[in-house]
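The values are calculated or read from the model by the stated rules, or taken from the named source; none is laboratory data. Only a predicted model underlies this, so the values are computations on that prediction, with no experimental measurement involved. All Cβ positions, even for glycine, are placed from backbone atoms using ideal geometry, and neighbour counts span all protein chains on display. Ligands, DNA and RNA are stripped out before the accessible areas are found, and what is left, the full protein with its side chains, is counted by its heavy atoms. Shrake-Rupley method; radii C 1.70, N 1.55, O 1.52, S 1.80 Å.
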Amino acid sequence: MKVAIVGVGIHKFGRTEGVSGRAQGAYAARQALADAGVEFKDIQFAYGGSDSAGNADTLVSDLGLTGLPFVNVSNGCATGGSALTSAVSRIRSGESDLGLVVGFDKHPRGAFNPRPEDNGLGRWYGESGMMVTTQFFAMKIQRYLVEHDLPKSLLATVAAKAFRNGALAPHAWRRSPLTEEQITGATMVNDPLTQYMFCSPAEGGVALVLARADHAHRYTDTPVFLEAAELRSRLFGSFEVFSPWISPDRADGPTVTASRAAFETAGIDPIDIDVAQIQDTEAGAEIMHLAETGLCKHGEQETLIRSGATEIGGAIPVNTDGGCLANGEPIGATGLRQVYENVVQLRGTAGDRQVPGDPKVGFTHVYGAPGISACTVLTR
């Protein structure tokens with residue numbers, strides 16, 4: 001059974017003083033319900049996630065005490081993608097016809113501060129400094145650039161695109177374009193990544209209303225169909241966040257296996273994608289994930305990016321709302337923000353950042369610790 005997205009809602013990302021994370025989630029949920037022309041009492045189930053702003057199921061106090069099953073989801077930065085995958089499975093199984101997926105967060109200022117003990121690691125791992133993920137990402141992109149003969153300057157090119165696109169997205173946090181020179185000359189955090197090559201912990205909320213595809217016409221004239229929603233964890237030999245060692249045998253990461261599964265399920269090839277949102281926790285992640293998702297081959301990223309192909313008007317626009325670099329990273333909401341962005345792009349309602357040429361196929365990819373990837377393929 002096919003699944004359609006029939007309603008979407010978003011609360012502005014960034015910092016909203018005096019508004020709780022839950023309130024931001026409730027705002028997004030009300031928007032999505034209104035977009036689908038339904039009330040919360042019509043919703044048969046919900047999945048939701050938050051990392052720092054409380055359990056998502058507490059939203060029933062804001063939206064209505066209807067007794068529906070509401071499942072809390074927590075899966076690192078892939079929380080939103082995991083919640084969506086779960087909701088899709090419930091509708092496909094025939095158990096329910098109409099559901100809500102919501103993610104929100106309100107992180108404190110400063111870097112994420114995960115505990116080694118919560119990830120199956122000894123305190124020594126934190127004492128080594130590796131729980132600060134900026135160090136891991138810097139090490140990974142250093143190796144990747146050398147292995148595939150890519151220049152460090154490409155990192156600034158990717159980040160500059162993100163801030164240009166974010167300036168066009170009303171829900172984005174960072175809406176001031178920066179030049180490549182400004183980005184390269186900013187404070188070095190972990191070589192080769194400077195301050196403006198990283199996203200920041202943030203706030204925001206996103207909600208989606210899902211329905212059986214054959215019921216979609218009851219709720220909207222512009223349904224977007226979820227052809228695939230796939231989730232994968234890491235394999236032995238893949239090098240992921242919070243890995244305390246490296247195997248001599250290397251394996252594909254979860255991004256490769258999740259994206260491959262999504263394309264196979266959808267019966268669509270990467271070359272058919274008209275618009276893509278991929279995880280860019282830092283600028284190097286976008287470079288690596290372009291190849292890991294199959295949107296290009298390893299080592300081809302420089303040619304692709306320098307040609308303008310990943311720009312809004314290019315052959316394969318990537319992170320059209322500025323991605324995590326411009327929006328920040330509210331863990332519960334990020335994966336759903338990507339889907340929201342593709343929905344408005346496929347509807348043709350993305351405003352100043354609208355991809356030209358009447359896009360029909362979208363792809364999203366979100367990655368989370370300690371090695372989880374969720375990918376979707378959407379069509380209209």
Expressed as a whole number of Å, what is the distance separating the alpha-carbon centroids of region 89-162 and region 191-248? 11 Å
Say the dipole of the chain comes from +1 at the beta carbon of Lys and Arg and -1 at that of Asp and Glu; which of HIS365, TYR340, HIS289 then lies farthest toward its positive end? TYR340
Given charges at Cβ of Lys, Arg, Asp, Glu: region 175-319 dipole, positive-most of ALA266, TRP245, LEU208: LEU208
Any cysteines in the chain with zero other Cys Cβ atoms under 4.7 Å from their Cβ? List them, or say none. CYS77, CYS296, CYS375
Tell me the mean residue ellipticity at 222 nm calculated for the chain from its helices only (DSSP H runs of n ≥ 4, each -39500 (n - 2.57), averaged over every residue, nearest 500). -9500 deg cm²/dmol
Applying 1/(1 + (r/R0)^6) with R0 = 51 Å to the Cβ-Cβ distance of THR179 and SER128, what FRET efficiency is obtained, to the nearest 0.05? 0.90
Protection proxy ranking, peptides 206-215, 128-137, 371-380, average beta carbon neighbours within 10 Å, highest first: 371-380, 206-215, 128-137
Between region 1-38 and region 311-380, what's the alpha-carbon centroid distance in Å? 16 Å
Roughly how tilted is helix 254-266, in degrees to the nearest 10 and between 0 and 90, from the longest Cα axis of the chain? 40 degrees
According to the square roots a ≥ b ≥ c of the eigenvalues of the Cα gyration tensor, what is the shape class of region 9-166, taking rounded for a/c under 1.5, prolate for a/b larger than b/c otherwise, and oblate for the remainder? prolate
Cα axis of helix 133-147 to longest principal axis of the chain: angle in degrees, 0 to 90, nearest 10? 60 degrees
Anisotropy class of region 265-380 from Cα gyration tensor, a/c 1.5 cut: rounded
Can you tell me the relative contact order of the chain? Whole percent, Cα pairs under 8 Å, sequence separation 6 or more. 26 percent
Reachable lysines from LYS360, criterion Cα separation under 29 angstrom, eight or more residues apart if same chain: LYS2, LYS12, LYS161, LYS297
With the full set of protein chains in place, find how many percent of the accessible area of the chain is carbon and sulfur; take the probe as 1.4 Å. 49 percent
Quick check: residue separation of LYS297 and ASP269 times 0.36 nm, minus the Cα distance between them. What number comes out in nm? 8.7 nm
What FRET efficiency do you get for SER247 and VAL60 if R0 is 45 Å and r is their Cβ-Cβ distance, rounded to the nearest 0.05? 0.50
Rounding to the nearest 20 debye, state how big the charge dipole of the chain is about its Cα centre with +1 on each Lys and Arg Cβ and -1 on each Asp and Glu Cβ. 460 debye
Taking the Cα atoms only, what angle lies between the long axis of helix 283-292 and the longest principal axis of the chain, rounded to 10 degrees? 70 degrees
Could you provide, to the nearest whole Å², the per residue accessible area of region 25-65 with probe 1.4 Å? 43 Å²
Enter the mean projected area of the convex hull around the alpha-carbon atoms of the chain, in nm², rounded to one decimal. 17.3 nm²
At a threshold of 8 angstrom on Cα-Cα distance, excluding pairs fewer than six apart, so keeping six or more, what relative contact order does region 1-129 reach in percent? 28 percent
Quick one: grab the alpha carbon gyration tensor of region 248-294, order the square roots of its eigenvalues as a ≥ b ≥ c, and give me rounded if a/c is under 1.5, else prolate or oblate depending on whether a/b is larger than b/c. oblate
Please sort 237-250, 78-91 by packing, taking for each peptide the average over its residues of neighbouring beta carbons within 10 angstrom, highest first. 78-91, 237-250
